[in-house]
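Trainee: Please see the structure below; I have some questions.
The values are calculated or read from the model by the stated rules, or taken from the named source; none is laboratory data. Bear in mind the structure is a predicted one, so any value in this text is a computation, not a measurement. Counting neighbours? That spans all protein chains shown, and the Cβs are built from the backbone with ideal geometry, glycine included.
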Amino acid sequence: MKREDLIKKWLDNELNVQELEAFKQLEDYNDLVQLSDSVMQFKAPEYNTSEELNTALMHINSEQRSKNWLRPVLRIAAILALSFSVYYYTTTLDTNISTLAAQKTEIQLPDASQISLNASSTITYNKSEWKTNRDISLKGEAFFKVTKGSKFNVNTSAGSVTVLGTQFNIKQRNNYFEVICYEGSVKVTHNTNIVILKPGNSFLLIDGEIIAREKEIALNPSWINNKSTFKSMPFSYVIREFERQYNVTINPQDIDLKQLFTGSFVHNNKELALKSITLPLNLNYSLQNNKAIVLSRE
Amino acid sequence: MNIDISDNICNENLFSTLFTKYSKSLHDFLYYKFGESFNPKDKVQDAFIKLWENCNTISPNKAKSYLFTVANNLMLNEAAHQKVVLKYKNVKPKTSTNETPEFILEGNEYMKKLQSAIANLTEAQRTAFLLNRIEGKKHREIAELLDISTKAVEKRIYGALKKLREDIKGI
């Protein structure tokens, strides 16, 4: 047998009696044995299996116990945290109320203040903060009856109105911003302008221009009573209000939309309303379908 | 004790059996491969605990591979392939009969050369060689522990032997 094979067999402790004799005859025999013996001194430290096993078992048992109470506690804590945040989130959300075309609505605020909302308008306020902060955002037109209390703020894109307890109307449409005070006193802020309105006073801004007006005699805006009234108002605004109240689209043909209109139309009779806005200006109307109307000159 | 493949390791008895069967081999393997610096005993504990934590997903016949792989990785995270120099105890080799100072000096020098030579082996060679020579493991046993062929084990051990002898003669 080759030397290499003998050595390999020796390494694996597989030498039979004869092979062992042959191995002992090898030149390297002494060297190999010395090497093999000396290597023993590099033995790994003692390993006490039963002791180590105990340590391992202790560890897994204590882990079991500590994990067992922790998991249900964590689950409960997670559910509580989640429900609390959902509750908090939903109760602190802003309240949004909108009207569509041909729709009006009444709103009562947490402090008993009342708002009448005209068609195609939106108000936004925060119920949970109402006690300390009476802030409302308005897009469109609304009539406010504010109970006495802390400052009442209405914010629109054109300007803001602050009152303490009073009745006033705010109309904010495209390029049109109007505040009419019916009772109490109203502070209007527009850009850097501040105006204080007394009952009957109004603040009107059309296309960026402040327009002076006569004193308002009525006790509340006419639209509350389902009638839109205009005094020397550019006809385009009349048309737009008509569209809002009746949920129609008006197609003016070759009409001067800047001409001033004085008059009114009712909200509950389309034919009559159309006559009200066309006759004074010598205009004709024709109904296309339920939704569209064409106005033309006579 | 017969371990059924369908048995679940999440059972203290089975776990203990596996521990008794593999812990020392694992410990020695880690020691010979990585030395003592990174606490082979702790890594054995950690590997078995990981086995317990994952006891639902490991079948008993995969336990050994799992343990060796996990322990090896735990070590690598710390040891990162540093050169391993094993210590030796200054015990007189069996074959020496004389105690002249000269012989003892020679003995010390020999041990130093041997230590250096062992440190120069590859991890694979060193581990297989020492498990065989010191722990008396057969080639087949080592093959099973390391998930390699018996032939591969033989090659590593013989290669180690050859290299050691050359190194010692050469230095």
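Trainee: Could you tell me which numbered condition B:Ile148 fails, if it satisfies all but one of (1) more than 10 Å from every other protein chain (Cβ to nearest Cβ); (2) within 23 Å of A:Leu15 (Cβ to Cβ); (3) outside any helix (DSSP H, G or I)?
Mentor: Of everything listed in (1) more than 10 Å from every other protein chain (Cβ to nearest Cβ); (2) within 23 Å of A:Leu15 (Cβ to Cβ); (3) outside any helix (DSSP H, G or I), B:Ile148 misses just condition (2).
Trainee: So, in segment B:23-41, of the ones that are in a helix (DSSP H, G or I) and more than 10 Å from every other protein chain (Cβ to nearest Cβ), which residue ends up surrounded by the fewest Cβ atoms within 10 Å (Cβ to Cβ)?
Mentor: Taking segment B:23-41 as the starting set, the residues that turn out to be in a helix (DSSP H, G or I) are B:23-34, B:40-41.
Retained after the next criterion (residues that are more than 10 Å from every other protein chain (Cβ to nearest Cβ)): B:33-34.
Numbers: B:Lys33: 21, B:Phe34: 24.
The extreme case among them is B:Lys33.
Trainee: Checking A:Arg75 against (1) within 14 Å of chain B (Cβ to nearest Cβ); (2) basic (Lys, Arg); (3) loosely packed, with under 11 Cβ neighbours inside 10 Å, which test does it fail?
Mentor: If we test A:Arg75 against (1) within 14 Å of chain B (Cβ to nearest Cβ); (2) basic (Lys, Arg); (3) loosely packed, with under 11 Cβ neighbours inside 10 Å, just (1) comes out false.
Trainee: Same structure, new question: Would a scan of segment A:35-43 turn up a residue that is under 30 Å from B:Lys24 (Cβ atoms) and more than 8 Å from chain B (Cβ to nearest Cβ)?
Mentor: Of segment A:35-43, the ones under 30 Å from B:Lys24 (Cβ atoms) are A:35-43.
Cutting the leftovers down to more than 8 Å from chain B (Cβ to nearest Cβ) gives us none.
Within segment A:35-43, not a single residue is under 30 Å from B:Lys24 (Cβ atoms) and more than 8 Å from chain B (Cβ to nearest Cβ).
Trainee: Within segment A:81-110, count every residue that is of a type in the set (D, E, K, R) and in contact (Cβ under 8 Å) with a residue 24 or more places away in the chain. Break it down into steps so the answer makes sense when it comes.
Mentor: Within segment A:81-110, the subset of a type in the set (D, E, K, R) is A:94, A:104, A:106.
Restricting the remaining residues to those that are in contact (Cβ under 8 Å) with a residue 24 or more places away in the chain gives A:94, A:104.
Qualifying residue count, segment A:81-110: 2.
Trainee: Among the listed residues A:Lys148, A:Lys131, A:Lys187, which satisfies the condition of being in contact with a strand residue (DSSP E or B) (Cβ under 8 Å, 6 or more places away or on another chain), of a type in the set (Lys, Arg) and not assigned by TED's automatic domain parsing to the domain that holds A:Lys270?
Mentor: Details: A:Lys148 fails: in contact with a strand residue (DSSP E or B) (Cβ under 8 Å, 6 or more places away or on another chain); A:Lys131 fails: in contact with a strand residue (DSSP E or B) (Cβ under 8 Å, 6 or more places away or on another chain).
Of A:Lys148, A:Lys131, A:Lys187, the one residue that is in contact with a strand residue (DSSP E or B) (Cβ under 8 Å, 6 or more places away or on another chain), of a type in the set (Lys, Arg) and not assigned by TED's automatic domain parsing to the domain that holds A:Lys270 is A:Lys187.
Trainee: Also, I was wondering about something else. In segment A:243-274, how many residues are farther than 24 Å from A:Ala212 by Cα and in contact with a helix residue (DSSP H, G or I) (Cβ under 6 Å, 6 or more places away or on another chain)? Give the derivation first.
Mentor: First, pick out the residues of segment A:243-274 that are farther than 24 Å from A:Ala212 by Cα: A:243-255, A:266-274.
Pick out the ones that are also in contact with a helix residue (DSSP H, G or I) (Cβ under 6 Å, 6 or more places away or on another chain) and you get A:246, A:250, A:266-267, A:270.
Count: 5.
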